[in-house]
Amino acid sequence: MRKPFQSVLLAAATVFLASIQVGAAPKRETIRLDHAVLVGGSVLEAGTYGVEIALGLDAVSFVQGRRVVTTVPCKVGLTQVVYPGNAIHARTDDSGRDRIVKIVLADSKLAIDLATEAPGAQNDPIASATDRE
């Protein structure tokens, strides 16, 4: 009795993943920024932007009208939506500017994790084992 349910669940998951990867064109979601933020090495001024995920799920583009403002690497996964509407998560970096680190798209339940370091930045650890006493 349990075997048919697992088969149906596996088939549904396969169809879902195939539909994400084989889509004819990237789906555009809309986000609104209330103030300027950093994304990768670019500054996005306050305004409305389209967010398009690449078919390979490895990059996201921010679009205004027909113009691609910037494209940055990302990781995409499913998440549980806590609040209605799209959510933008930002952190303040060393320069005092807000940097987008994650976008949650409510309709599709997709979480887009953006690279947090600036281009060319080193990913040095804060402490190492030799710092212990």
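As for the range 17-28, it holds no residue that is part of a strand (DSSP E or B), under 15 Å from Leu114 (Cβ atoms) and either at pLDDT 60 or above or open to solvent by 60 Å² or more (accessible area, probe 1.4 Å) (or both).
Scan the range 54-99 for residues that are over 18 Å from Leu110 (Cβ atoms) and part of a loop (DSSP other than H, G, I, E, B) and the total you get is 7. Tallying residues that are at pLDDT 90 or above, of a type in the set (A, V, I, L, M, F, W, C), over 15 Å from Leu44 (Cα atoms) and open to solvent by 50 Å² or more (accessible area, probe 1.4 Å) within the range 89-132 yields 0.
The values are calculated or read from the model by the stated rules, or taken from the named source; none is laboratory data. Since the structure is predicted, the reported quantities are computational estimates derived from the model, not experimental observations. So basically every Cβ, Gly included, is an ideal-geometry build from the backbone, and we count neighbours across all protein chains shown. Protein only, heavy atoms only, side chains kept; ligands, DNA and RNA dropped before computing areas. Shrake-Rupley method; radii C 1.70, N 1.55, O 1.52, S 1.80 Å.
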